[in-house]
Amino acid sequence: MSTAVGAASTTKNVVPFKANLDEEITNKVGNGGESDQLPYSDDEEETDEAEEEEDPKLESDKEMDPHPGPQFSLKEHIDKDKDDESLRKWKEQLLGSVDMSAVGGRPDQILPIPFTNDPKKSVFTLKEGTKFRLKFNFIVSNNIVSGLKYNNVVWKTGVRVDNIKKMLGTYSPQQEPYIYELEEETTPSGFFARGTYSARTKFVDDDKKCYLDASYQFEIQKNWPTPH
């Protein structure tokens, strides 16, 4: 409040000063002065005032931190407040329908060969509507493997629901393992998609040599299984 009053009183002091100055200059011109140009104008005053004001964009740039703090994933933010029940629930409501089990990804599920000694036992469980990708790791030794093919057939309640055939290529012997990734897929979802599936996986080359022929079962459920 005091600043506003001070600004108003300063303006009142300026007005008569300018009026007297204009009168003095007019008298000089009327008396045959050499110059009829004012030493300054209102436009020049406004320009000076505009230059004194800081650019708001520059001011906001100064306030920005060029070194922001560390970034956290959604799961990390939830875990930080897991002991505070009210804050944890508030964050879960804020995130809405975000699938926290899928945030940040899940660890790879490794299936060693043989998958299982009991083909009637499920070797893994997938959550419905989840994206997944198969990745093969294998070593070729002694001889060249020409035209290696991957074939996977899936049944549910005795009905074939999927049949994938993929040419993997030709591989020469080497000590380091080869890695081959298939395209990303999505598990089916819905009541009828849930349940137990049986599958048979084969790897055969152009010479009809079979490197793997495995039968197994897996499940698709509404949620991921609870870790033991």
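The values are calculated or read from the model by the stated rules, or taken from the named source; none is laboratory data. Note that the structure is predicted; figures quoted are calculated from it, not measured. Glycine gets a Cβ as well: all are built from the backbone with ideal geometry, and neighbour counts include every protein chain shown. Note: accessible area is taken over every heavy atom of the protein model, side chains too, but ligands, DNA and RNA are not part of it. Shrake-Rupley method; radii C 1.70, N 1.55, O 1.52, S 1.80 Å.
General observations
- Neighbourhood net charge (10 Å Cβ-Cβ; Lys/Arg +1, Asp/Glu -1) for residue 154: +2
- Residues with amide H under 5 Å from that of residue 178, placed H, sequence gap 5 or more: 138, 139, 140
- Neighbour net charge for residue 218 - beta-carbon separation under 14 angstrom, K R +1, D E -1: +1
- Reciprocal mean inverse distance between Cα atoms of the stretch 96-189 - Kirkwood radius, Å: 16.2 Å
- Residue order for 155, 224 - accessible surface, 1.4 angstrom probe, largest first: 155, 224
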